[in-house]
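Derivation of every value follows stated rules applied to the coordinates shown; laboratory data play no part. Source: prediction; values computed, not measured. Cβ placement follows ideal geometry from the backbone for every residue including glycine, while neighbour counts extend to all protein chains displayed.
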Amino acid sequence: MIDLYTAATPNGYKISIALEEMGLKYRVHHLDLMEGDQKKPEFLAINPNGRIPAIIDRDNNDFAVFESAAILIYLAEKSGKLLPAHPDKRSQTLQWLMFQMGGVGPMMDQANVFHRYLPEKIPTAIERYQHESRRLFEVINHQLSDNRYLSGDDYTIADIATWPWVRIFEWSGVDISGLEHLARWINEIAERPAVQIGIVTPASLDFSDEELAEQISKMVSK
């Protein structure tokens, strides 16, 4: 049994999607980020950095793992799924996984902060992060022009890591017009049954877009 500590964010959804795809049994512990659950001592004992997601593997001496990419690799190795065994294919998958961790996630997160959350709008910062997110989308689109998925013909943890971020392009204010391969990939993954369950585990907070932006703005401004 995997205990999943998570919230309704792109990084959180990575793990619930992966657990569903891999068929691993898990329990969800929903942390209320607005209330600061992620900074409480009991969670810091699992992840000293105080960020979701994190897991505890009850079948492995209560082994704890934090950082979403590390969790994805751990679960893939545990299940034997979604991470190729061949060294070259494994490396390609990990390269695209790190592309998300070092590029897509951070750039879109900053686009969200400056475009949605900060009360004071800084046009140069908004343009910078939206432009860089678009550039990264173009890299993905080019990769998908010759490949069904990010690292080739097979769906992997690289797709699982990247999709929850790319799917919120509108929220980040990023234009995907002309990126037909990216759009195909977004829609195809959205149709997967495990993704449809994982993307609502846990459910999003019951706010309108405006209310959600206001709530997160308060968090960012603290």
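For H29, which sequence-distant residues (separation of 5 or more, or a different chain) have an amide H within less than 5 Å of its own amide H, given hydrogens modelled in the peptide plane?
L4, Y5, T6
For every helix of n ≥ 4 consecutive DSSP H residues, a contribution of -39,500 (n - 2.57) applies; sum these over the chain, divide by its total residues, and give [θ] at 222 nm rounded to the nearest 500 deg cm²/dmol.
Details: 11 runs with 117 residues, N = 222.
Helix-only estimate at 222 nm: -16000 deg cm²/dmol.
Can you say what percent of the DSSP beta bridges in the chain, counting only those with both residues inside, are antiparallel? Round to 5.
Counting DSSP beta bridges with both partners in the chain, the antiparallel share is about 65 percent.
Taking the simple approach of a point 7 Å from Cα along Cα-to-Cβ for both E180 and H30, what is their distance in nm?
4.1
Cβ neighbours within 10 Å, averaged per peptide: list 108-118, 5-15, 51-61, 80-90 in order, most packed at the top.
The peptides rank, most packed first, as 5-15, 108-118, 51-61, 80-90.
Using 0.36 nm per residue, how much length does the chain from R135 to S79 gain when fully extended, once their Cα-Cα distance is taken away? Numbers along the way, then the final one.
Numbers: separation 56, 0.36 × 56 = 20.16 nm, distance 3.39 nm.
Gain on extension, R135 to S79, equals 16.8 nm.
Given charges of +1 on the Cβ of Lys and Arg and -1 on the Cβ of Asp and Glu, with all other atoms neutral, how large is the dipole of the chain about its Cα centre, in debye to the nearest 20? Please report the intermediate quantities before stating the final value.
Numbers: 22 positive and 32 negative charges, 78 e Å.
The dipole of the chain has a size of about 380 debye.
Which whole-number percent gives the relative contact order of the stretch 2-81, counting Cα pairs below 8 Å spaced six or more residues apart? Don't skip to the end; give the middle numbers.
Details: 116 pairs, mean separation 27.8, N = 80.
Normalised by residue count, the contact order of the stretch 2-81 is 35 percent.
Mind listing the phi-derived Karplus ³J(HN,Hα) values for the stretch 122-134, rounded to whole Hz, using 6.51, -1.76 and 1.60 with θ = phi - 60°, and x for any glycine or proline?
Rounded to whole hertz, the list is 10, x, 5, 5, 4, 4, 4, 7, 5, 5, 5, 4, 4.
In the structure displayed, which of K89/K121; K14/K39; K39/K78 lie more than 32 Å apart, Cα to Cα? Intermediate results must be reported in sequence, preceding the final value.
Details: K89/K121 43 Å; K14/K39 21 Å; K39/K78 28 Å.
Where the Cα-Cα span goes over 32 Å, the pairs concerned are K89/K121.
Which value in nm describes the separation of the simple spin-label points at R148 and R90, placed 7 Å from the Cα toward the beta carbon?
Calculated label separation equals 2.3 nm.
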